[in-house]
Structures are given as structure tokens and as C-alpha cells.
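Note sheet for the following structure.
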Amino acid sequence: MAWFQSFQYLQLFFQIPASVLALRGLLKGDRGVYLLIICYGVSTATTVLACLATFWAVPSHEMATSVDPASLTSGERLFLLGNYIPFLMFPVIMAVDCAMEVAKDMKVAHQITGTAKAK
């Protein structure tokens, strides 16, 4: 599966370094790191969503005429979904939270520059 290998490279060369830089920025109180967290959250959620879609698309034992090694039982599917859903939700929440913070910062900056231009 080429998509899976490309996601491994994405995780190794972008997501891991981005998470380290984001943590460092958050610990220093740097609001400029919010854009990186938005990119990280969207990237991570996209890769997890592809994995979830794959689990969902795999045939179940109940539907297959013979037990295919590439099939899942309903219990296995629910187990995988239950374990992957948090890895989807946390990056989405991080991205949305940081996007709202960036929107607030942009609104304040717009008010400041609008006031400065009016003088």
C-alpha cells in the first residue's frame, strides 16, 4: 500500500518534528506556533481518516463467503475504530482551537490597524 508508506514518511519528516516544535512553542507561550499546530492537526487527522476509511471498507467475516485473511469481524472493526477515533478527534480539536485563536488574533490586529489608519 503506497499510501500507507507515504503516510509513514509524512509522519517521520513532518508530524514528529512539527509536534516537537509545537510543544516547544507552547511551553514558551509563543502564539506564532498556532499556524503550525493547525497544519499538524489537519495533516494528522487526514492520515487517520484514511486508516479509518480502510478499516471500514475491509469486508467483514459475516459478509464474506469464506474467511478472508484481509477481512474483519464486527468486533475487530469496532475495536479498531474505538482505538483510532481519539487519534482523529484530538488533532481536529487542536486544529479548530488554534484556528479560533488565530482568528481572534487577526481580529485584534485588524482593529489596531484600522484604528491607526483612522488617525
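The values are calculated or read from the model by the stated rules, or taken from the named source; none is laboratory data. Bear in mind that the values here come from a model prediction, so they are computed numbers and not experimental data. No Cβ is skipped: glycine too gets one built from the backbone with ideal geometry, and neighbour counts run over all protein chains shown. When the accessible area is computed, the model is the full protein with side chains, heavy atoms only, and any ligands, DNA or RNA have been set aside. Shrake-Rupley method; radii C 1.70, N 1.55, O 1.52, S 1.80 Å.
Points worth noting:
- Inter-residue pairs, beta-carbon under 6 Å, first assigned to a helix (DSSP H, G or I) and in region 9-26, second of a type in the set (A, V, I, L, M, F, W, C), 6+ apart: 18/36; 22/33; 22/36; 22/37; 25/33
- Taken over region 32-53, the criterion of being more than 15 Å from the chain's Cα centre (by Cα) and exposed (fewer than 14 other Cβ atoms within 10 Å of the Cβ) is satisfied by 32 alone.
- Residue 103, sole failed condition from (1) modelled with pLDDT of 95 or more; (2) over 26 Å from the mean Cα position of the chain (by Cα): (2)
- Residue that is modelled with the lowest pLDDT [pool: residues in region 5-22 that are open to solvent by 90 Å² or more (accessible area, probe 1.4 Å) and in contact with a helix residue (DSSP H, G or I) (Cβ under 9 Å, 6 or more places away or on another chain)]: 11
Conditions (1) more than 23 Å from residue 13 (Cβ to Cβ); (2) small (Gly, Ala, Ser); (3) not in a loop (DSSP other than H, G, I, E, B), marked per residue:
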| position | (1), (2), (3) |
| --- | --- |
| 36 | no, no, yes |
| 41 | no, yes, yes |
| 80 | yes, no, yes |
| 85 | yes, no, yes |
| 99 | yes, yes, yes |
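- The one condition in (1) exposed (fewer than 12 other Cβ atoms within 10 Å of the Cβ); (2) touching a Ser or Thr at 6+ places or on another chain (Cβ under 7 Å); (3) of a type outside the set (Val, Ile, Thr) that residue 70 fails to fulfil: (2)
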